[in-house]
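Below is one structure, written out as structure tokens; comments come after it.
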Amino acid sequence: MASGSPFLARAGLELAYLSGYSRLMQRRTGGAGVILRFERVRLRRTVRFQPLQACEITPRFLDRAIGALKRWKFDIVSMDEVCRRAVTLASPRRFVCLTFDGGYKDMITSAYPVLAKHGVPFTIYVPTAFPDRLGEAWWLALEEVVARENRISLVMDGREQRFDVGDTSEKYQLYDFLAGWMRALPPPDLSVAINDLCKRYSVNLAALSREAMMGWDDLTRLAADPLVTMASATVNYPVLSNLRDADALREMAMGRAVAEAAFQRDVRHFAYPFGDRAAFGRQHVGMAGEAGFASAVSAISGVVRTEGRTNLHALPRIAWDGRRRSLRVMRVLLSGVTFPRPTSQQPRHAPSPTQLGFTRVGHRNLSKSDISDFDGRGLG
């Protein structure tokens, strides 16, 4: 169902819904259920340049989506329940788990009222440097600079580079280029680069990060709700693949320790920062278990399978694109029909971290074969 054209891809998803194909195939492709990944929940903005729009949904869409999940007879469950269903026999009803990354302030102002009204469980993955007011939301600062300026200069790889941007489409291209470059930098170099850029163009990175993210007071309020699972996303939200293994493990373990101290409870669940195949390697899957987490989620699309077929430390999530507003498309994605199906030749149960050789793997990013290794049958 993949297509190079967004229009054709959308048409294919709509056809899968209208024809009943996705519902017909769900028993074969749907596994035990799915984990949905959201980031920001806020009112739609009217500005032309929105490079992070895919990471945003509106409160109204969240309300409609939860209502639809209930009509479709999905069980909306916690991460603890995801872990239980992933290792047991299939339930008669499939589940959906709602997760939110980043700890954005609109979680408390826009998302929580909707979630509380529906009385559904959800999970928040918190990078603890941000409520401590030490985190740097470099992707937001980059958006601010590119939105404001038509001529941008910065030091890249030791050389001064200048970019002239005319229209909005060129701004999108420049943002994607610079964000990709920054994401590939080791954290100290990334901090130098974004702070230099912000200083040149009078963007207050600390204030921007502080205003966008929840503080400990907001997080503690959410943690008091028994339907809310507070989870960890490291301390500084780095791309783990850009760190030495010892530093990556320290980020994971310290993020958990700080969260546990703040919430006075066990923090059992973890999210890989950014979570795509380039953001973490197979060695980090082993580290998640070593750091004491019961589960670790990615942003790699797929369904959660039963009877141990999906590794709990490499759980797939469907990262919802906020530019999509069709509940029909969501229904098709939840069926699992768009994701590759496992083959019968692969082993039934997930191998242990020792069998996968996590302690011997060098520092590298995930490949397609690595994803299959994680659960013995692929994430999708």
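The residue that is least open to solvent (accessible area, probe 1.4 Å), among those in the range 258-267 that are touching a residue at least 24 places away in the same chain (Cβ under 8 Å) and not β-branched (Val, Ile, Thr), is ALA259.
The strands (runs of 3 or more DSSP E) found wholly in the range 113-210 and carrying at least 3 residues that are buried (at least 17 other Cβ atoms within 10 Å of the Cβ) occupy 122-126. Tell me, which residue of the range 225-252 that is part of a strand (DSSP E or B) and among the β-branched types (Val, Ile, Thr) is surrounded by the fewest Cβ atoms within 10 Å (Cβ to Cβ)? Result: VAL228. Looking at the range 171-182, can you tell me whether even one residue there is among the charged types (D, E, K, R), without any contact (Cβ under 8 Å) to a residue 12 or more places away in the chain and touching a helix residue (DSSP H, G or I) at 6+ places or on another chain (Cβ under 9 Å)? Within the range 171-182, not a single residue is among the charged types (D, E, K, R), without any contact (Cβ under 8 Å) to a residue 12 or more places away in the chain and touching a helix residue (DSSP H, G or I) at 6+ places or on another chain (Cβ under 9 Å).
Whether a residue is aliphatic (A, V, I, L, M) and within 19 Å of the chain's Cα centre (by Cα) was assessed, and LEU174 does not pass this test. Of the set (1) open to solvent by 10 Å² or more (accessible area, probe 1.4 Å); (2) under 16 Å from ARG325 (Cα atoms); (3) at pLDDT 95 or above, all apply to GLN50 but (2). Looking across GLY255, GLY275, GLY281, GLY286, one residue alone is farther than 23 Å from ARG40 by Cα, surrounded by 18 or more Cβ atoms within 10 Å (Cβ to Cβ) and in contact with a Ser or Thr (Cβ under 6 Å, 6 or more places away or on another chain). It is GLY281.
So, of the residues in the range 91-112 that are part of a helix (DSSP H, G or I) and not aromatic (Phe, Trp, Tyr), which turns out to be most open to solvent (accessible area, probe 1.4 Å)? My answer is THR109.
Restricting to the range 311-334, count the residues that are open to solvent by less than 20 Å² (accessible area, probe 1.4 Å), under 16 Å from the mean Cα position of the chain (by Cα) and small (Gly, Ala, Ser). Number satisfying all stated conditions: 2. Scanning the range 48-71 for residues that are closer than 17 Å to ARG93 by Cα, touching a strand residue (DSSP E or B) at 6+ places or on another chain (Cβ under 9 Å) and of a type outside the set (A, V, I, L, M) yields one hit, LYS70. Could you please find all residues in the range 71-90 being open to solvent by 50 Å² or more (accessible area, probe 1.4 Å) and in contact (Cβ under 8 Å) with a residue 24 or more places away in the chain? Answer for the range 71-90, where residues must be open to solvent by 50 Å² or more (accessible area, probe 1.4 Å) and in contact (Cβ under 8 Å) with a residue 24 or more places away in the chain: TRP72, ASP80, VAL87, LEU89, ALA90.
Condition check ((1) part of a helix (DSSP H, G or I); (2) among the hydroxyl-bearing types (Ser, Thr, Tyr); (3) at negative phi) across all residues:
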| residue | (1), (2), (3) |
| --- | --- |
| GLN50 | no, no, yes |
| ARG60 | yes, no, yes |
| ILE66 | yes, no, yes |
| LYS73 | no, no, no |
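Before we move on, is THR29 open to solvent by less than 30 Å² (accessible area, probe 1.4 Å), at pLDDT below 95 and β-branched (Val, Ile, Thr)? For THR29, the condition - open to solvent by less than 30 Å² (accessible area, probe 1.4 Å), at pLDDT below 95 and β-branched (Val, Ile, Thr) - is met.
The values are calculated or read from the model by the stated rules, or taken from the named source; none is laboratory data. Keep in mind that this is a model prediction, so the values were computed, not measured. FYI the Cβ positions are ideal-geometry reconstructions off the backbone, even for glycines, and counts take in every protein chain you see. Heads up: the accessible areas ignore ligands, DNA and RNA and are worked out on the full protein's heavy atoms, side chains in. Shrake-Rupley method; radii C 1.70, N 1.55, O 1.52, S 1.80 Å.
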